[in-house]
Structure formats: structure tokens, C-alpha cells
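Engineer: Sharing a structure below in C-alpha cells format, with a few things to ask.
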Amino acid sequence: MKRGLDIQVPKTPDEAMKEAKLYLKNAKEILSKVTIEYGRYKDSKKVKEACAIAYLSALRAIDSYLLLKGYDISKLPSSIEAYFRAIEKIPKNGKLIAYLNTAYENLHLFAYYRGGVSVDMIKAGIKAVKEIMKMLERR
């Protein structure tokens with residue numbers, strides 16, 4: 001997983017899930033401080049930051065599951081495509097794939113990259129992250 005960068009990866013499933021929950025908590029704290037007007041957040045910079053963190057929390061939750069199932073730390077996914085390939089191997093994965101799609105689209109693509117600030121869109125993305133965590137914690 002090293003590509004010339006010192007990337008910190010959790011070593012245990014519990015550590016990864018704890019980190020995922022912390023990321024989501026931090027993202028929600030950032031969003032709670034942003035003014036909302038007409039169903040839209042007013043500070044796109046803070047929204048981008050929060051949404052990037054919330055999206056990473058979904059990926060870290062998936063890392064937790066993969067580590068639990070015996071994945072080697074160095075072989076954890078490093079792209080969204082690799083995450084989708086990894087979760088395709090999980091039985092009964094339809095909802096999980098749908099939730100990851102929602103988190104990826106709403107938080108990563110629309111909010112982080114494109115600067116979307118719709119409260120409903122971002123809430124749907126965060127809800128998807130929570131569902132991912134809930135699903136993977138039970139496995």
C-alpha cells in the first residue's frame with residue numbers, strides 16, 4: 001500500500017472501526033457549525049472538509065470488515081473500484097453496495113469534488129455511512 005507516502009493504516013478490525021466512528025463524529029461536528037439557509041450549507045469549504053472525512057469513514061469501516069476476514073493490511077483496497085470489488089465478495093451485499101454508492105456519490109463526488117452543499121444530499125450520504133457501519137459491525 002506504500003506509494004512513496006507514509007500512509008497510516010489500522011492494524012486491527014477494532015482499530016479501523018474505532019477510527020471510522022471517530023471520522024464520522026468529526027465530520028458531523030464540522031457540519032453542525034455551518035450555517036444552513038434554504039436547505040443549503042453556506043460554507044462550501046467546511047462542507048467539503050466534512051464530506052471528505054465522512055466518506056473516508058465509510059472506507060475505514062469496510063477496512064475493518066476486510067481485516068476481520070483476514071485481509072493483509074498491505075492488500076487493503078486503495079481505490080473506490082477496489083473497494084467495490086472487495087465488497088462484491090461479501091454475501092448478501094446488495095444493500096452494502098447501494099450504501100457505498102450513495103456515500104461515494106453524495107459525499108465524495110458531489111459534495112467534495114463538485115462543491116455541492118444541499119443539506120438533504122449530504123444527510124443522505126451520512127446516513128449511508130452509518131448504515132455501512134451498522135451492517136459491517138454485525139458481521
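Engineer: Which order do the peptides 107-113, 124-130 take when ranked by the mean count of other beta-carbon atoms within 10 Å per residue, highest first?
Structural biologist: Taking the mean over residues of other Cβ atoms within 10 Å, the ranking is 124-130, 107-113.
Engineer: Quote to one decimal, in nm, the extra length available between VAL9 and LYS45 on full extension: 0.36 nm per residue of separation minus the C-alpha distance between them.
Structural biologist: 10.3 nm
Engineer: For Cα Rg over 2.2 N^0.38 Å, pick the label among (i) 1.04; (ii) 1.95; (iii) 1.22 that corresponds to the value derived from the coordinates.
Structural biologist: Given (i) 1.04; (ii) 1.95; (iii) 1.22, the calculated one carries the label (i).
Engineer: Between SER118 and ILE80, what is the label-to-label distance in nm when each label sits 7 Å out along the Cα-to-Cβ direction?
Structural biologist: 1.6
Engineer: So how strong a dipole does the stretch 1-81 carry about its Cα centre when Lys and Arg Cβ are +1 and Asp and Glu Cβ are -1, to the nearest 20 debye?
Structural biologist: My answer is approximately 200 debye.
Engineer: Separate question: Under 21 Å between alpha carbons, and skipping anything fewer than 8 positions from LYS48 in its own chain: which lysines qualify?
Structural biologist: LYS21, LYS25, LYS28, LYS33, LYS123, LYS127, LYS130
Engineer: For the chain, find the longest principal axis of its Cα atoms and tell me its angle to the long axis of helix 119-137, 0 to 90°, nearest 10.
Structural biologist: So the helix axis and the longest Cα principal axis differ by about 20 degrees.
Engineer: Shifting gears a bit: Based on the mean of other Cβ atoms within 10 Å per residue, sort peptides 53-60, 42-49, 91-98 so the most packed one is first.
Structural biologist: Highest-to-lowest ranking by the protection proxy: 53-60, 42-49, 91-98.
Engineer: Would you compute, from DSSP H runs of 4+ residues alone, the mean residue ellipticity of the chain at 222 nm, taking -39500 (n - 2.57) per run and dividing by the full residue count, rounded to the nearest 500?
Structural biologist: Mean residue ellipticity at 222 nm (helix-derived): -19500 deg cm²/dmol.
Engineer: To the nearest 20 debye, what is the magnitude of the charge dipole of the chain about its Cα centre, counting +1 on the Cβ of each Lys and Arg and -1 on the Cβ of each Asp and Glu?
Structural biologist: So the magnitude is around 180 debye.
We did not get these values from a lab; they are worked out from the coordinates using the rules stated. In this text, all values refer to a predicted model and were calculated from it rather than measured experimentally. All Cβ positions, glycine included, derive from the backbone under ideal geometry; neighbour counts span all protein chains shown.
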